[in-house]
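The values are calculated or read from the model by the stated rules, or taken from the named source; none is laboratory data. In this text the structure is predicted, and so the values were computed from the model without any measurement. Note that each Cβ is placed from the backbone with ideal geometry, even for glycine, and that neighbours are counted across all protein chains shown.
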Amino acid sequence: MLLVIADSLSYFGPKGGLPADHPKIWPNLVGAELDWDVELIGRIGWTCRDAYWALIGDPRVWAAVPRAGAVVFAVGGMDTLPSPLPTALRELIRYVRPPVLRRGVRATYNWLQPKLSKLGRPVALPPKVSVDYLEQSREALAQLRPDLPVVAVLPSVHNCAAYGHVHSGREPAVEALRAWSDKTSVPLVDLGEAVREDIFSGDANPDGIHWGWAGHTAVANSMVKTLQEVR
């Protein structure tokens, strides 16, 4: 069984979000190729911090880990996006009352975000913090299943107006993740390399963040190759 802890890139297609059992999203393409069941744990906007919280707090993960043939942390892209307005503010908007005030706060946030994103900083989660959460996740799994293969990813790329078409946080994250990979021997699948053509082809999701089917297929191919090497 393949356990995937992910952000929305793993379950959004060219027209929006999809159920976890949709056959064309990359985790299920991988599962079909390897003849494995798939447990997909994810949510839109998740960072490496959220993945760690899911690992230690979600009973679905606890049930999956003893049966898993490998674990993929398919997170980190959100960490690299410009977040000039605090991430906590975005998360709290849904709790604002009354509804008319919530709509006003959300509209203001959505108006400011792309303009301030041109600054390129700060990012949602600094690379050092992202890597620290990934390492805590790896160590937690190693305590339970020292033989369990763990795979992580390098961030995707985007062409998103909501983030001002800015992604200056990607390269520092790639550098930090590669250094962590060198120390821990956790293999990395480069999402950016896999989906770049798809993102800029016009066939991806119009939001400029999520992939088309060609992107999912390319990620699946890269992931299968990596998993076959570590099994």
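For region 165-191, the tally of residues that are aromatic (Phe, Trp, Tyr) and without any contact (Cβ under 8 Å) to a residue 24 or more places away in the chain stands at 0.
Among the residues making up region 143-164, those that are surrounded by fewer than 20 Cβ atoms within 10 Å (Cβ to Cβ) and either aromatic (Phe, Trp, Tyr) or without any contact (Cβ under 8 Å) to a residue 12 or more places away in the chain (or both) are GLN143, PRO146, ASP147.
Among the residues of region 169-217 satisfying the criterion of being among the β-branched types (Val, Ile, Thr) and not in a helix (DSSP H, G or I), which is farthest from PRO84 (Cα to Cα)? So, considering only residues that are among the β-branched types (Val, Ile, Thr) and not in a helix (DSSP H, G or I), the one farthest from PRO84 (Cα to Cα) is VAL186.
Scanning region 192-225 for residues that are in contact (Cβ under 8 Å) with a residue 40 or more places away in the chain, out of contact with any helix residue (DSSP H, G or I) (no Cβ under 7 Å at 6 or more places or on another chain) and closer than 20 Å to VAL30 by Cα turns up just one, TRP213. Of all positions in region 72-84, at least one carries a residue that is on the phi > 0 side of the Ramachandran plot and in contact (Cβ under 8 Å) with a residue 24 or more places away in the chain. The residues of region 10-21 that are surrounded by 16 or more Cβ atoms within 10 Å (Cβ to Cβ) and over 16 Å from the mean Cα position of the chain (by Cα) amount to a single one, PRO14.
Within region 55-69, the set of residues being touching a helix residue (DSSP H, G or I) at 6+ places or on another chain (Cβ under 7 Å) and surrounded by 15 or more Cβ atoms within 10 Å (Cβ to Cβ) comprises LEU55, VAL61, VAL65. Look at region 47-65: where a residue is without any contact (Cβ under 8 Å) to a residue 24 or more places away in the chain and a partner is surrounded by fewer than 21 Cβ atoms within 10 Å (Cβ to Cβ) and outside any helix (DSSP H, G or I), sitting 6+ places away or on another chain with Cβ atoms under 8 Å, you get ASP58/ILE41; ARG60/ILE41. Counting only residues that are farther than 21 Å from SER156 by Cβ and either surrounded by 20 or more Cβ atoms within 10 Å (Cβ to Cβ) or at pLDDT below 95 (or both), region 26-54 holds 1 of them.
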